[in-house]
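Written out below as structure tokens is the structure these notes cover.
The values are calculated or read from the model by the stated rules, or taken from the named source; none is laboratory data. Predicted, not measured: the structure shown is a model, and the values here were computed from it. Cβ coordinates were reconstructed from backbone atoms using ideal geometry, including for glycine residues, and neighbour counts include every protein chain displayed.
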Amino acid sequence: MSWCTRSDVEDVFGVNNVAKWAKLEDTDTAAMVTARIARGIAVATDHAQNVLRNGPYLIADLTAAMPAILTDAVAKLTGVWLYENRGIEDFDPESGRAVHKLVWHQRTASRVLRAIKFGTVTLAVTIQGETIPVIHSFED
């Protein structure tokens, strides 16, 4: 299972942008675009899980209790993955380094994940009336 949905990614970046970024070739079908978005979500979810692994939270399968801050971070990483895989054509005029307009989203998501892992941001999830610290995952 994934930590966000296509609609979560579209809420951040817009339906048209997500579809455009997921379509690599003019001949790509709607099914290919859908599959590519699903792959981006899977890659972003795996990345988030790897960042959070060995952090202060129990990793458990708690889909219904997914914290919105985590869903948002994974949606942002998914959009960046889709955008970057089309090829980066933007650059920083001062440094000459390849950068793009979604770098802010990538950095924000990465900061949120690190803050969760290192305890700067505390997640509280209510399960059966009890509030416990949990990060959703599918390892258990």
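Matching residues to (1) more than 17 Å from residue 105 (Cβ to Cβ); (2) modelled with pLDDT of 95 or more; (3) crowded, with 16+ Cβ neighbours inside 10 Å:
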| position | (1), (2), (3) |
| --- | --- |
| 10 | no, yes, yes |
| 15 | no, yes, no |
| 18 | no, yes, yes |
| 25 | yes, no, no |
| 32 | yes, yes, no |
| 38 | yes, yes, no |
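Considering every residue within the stretch 84-102, establish whether at least one is in a helix (DSSP H, G or I) and modelled with pLDDT of 70 or more.
yes
Given the conditions (1) without any contact (Cβ under 8 Å) to a residue 12 or more places away in the chain; (2) part of a helix (DSSP H, G or I), which single one is not true for residue 108?
(1)
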